[in-house]
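Enquirer: First the structure, then my questions, so here it is.
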Amino acid sequence: AHTLLFTVNGLQARTFGIWTLLSSVIRCLCAIDIRNTTLYYITLFTFFMALVHFLSEVFIYHTAALTIGVMAPLMVASFSILGMLIGLQYLEVEALSENKKKN
């Protein structure tokens, strides 16, 4: 049987907390200024990072099990990536129409 090593210390917990806080600030700023293309891509990247992080903990490092506590952020990241990729098409169409109006 595979045993988990409990090596998480306070520093790692605080670092993960700050990373989560930073991601939420970026996501809130994107929600406020959804037409900011650079911020949109940065926000999309935060969801990719979260997805890769949780998948690697489950399938590569084996430090997490597929419980509801891990499945929830995996689903949020996956659905958010899908939604943002769909929204990206509208953002690009809007940018093209703005360029046509200027010319």
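The values are calculated or read from the model by the stated rules, or taken from the named source; none is laboratory data. Predicted model, so just to flag it, every value in this text is computed and none were measured. Side chains are part of the model used for accessible areas, which takes the heavy atoms of the whole protein and leaves out ligands, DNA and RNA. Shrake-Rupley method; radii C 1.70, N 1.55, O 1.52, S 1.80 Å.
Enquirer: Quick check: at a probe of 1.4 Å, how many percent of the accessible area of the chain sits on carbon and sulfur atoms?
Expert: Roughly 72 percent, rounded to a whole number.
Enquirer: What 222 nm value per residue comes from the helices of the chain, counting each DSSP H run with n ≥ 4 as -39,500 (n - 2.57) and dividing by all residues, nearest 500 deg cm²/dmol?
Expert: The helix contribution divided over the chain gives -28000 deg cm²/dmol.
Enquirer: Pull out the extension gain between Leu11 and Met49, defined as 0.36 nm times the separation in residues minus the alpha carbon to alpha carbon distance; nm, one decimal.
Expert: Contour length minus Cα-Cα distance gives 11.7 nm.
Enquirer: How much accessible area per residue does the chain have, counting only protein heavy atoms and a probe of 1.4 Å, in square angstrom?
Expert: In whole numbers, the chain has 75 Å² accessible per residue.
Enquirer: Shifting gears a bit: So if I take the alpha carbon set of the stretch 22-72, get Rg, then get Rh from the Kirkwood formula, what is the Rg over Rh ratio?
Expert: Rg/Rh: 1.12.
Enquirer: Evaluate the chain: find the radius of gyration of its Cα atoms, find its Kirkwood radius, and give the ratio Rg to Rh.
Expert: 1.12
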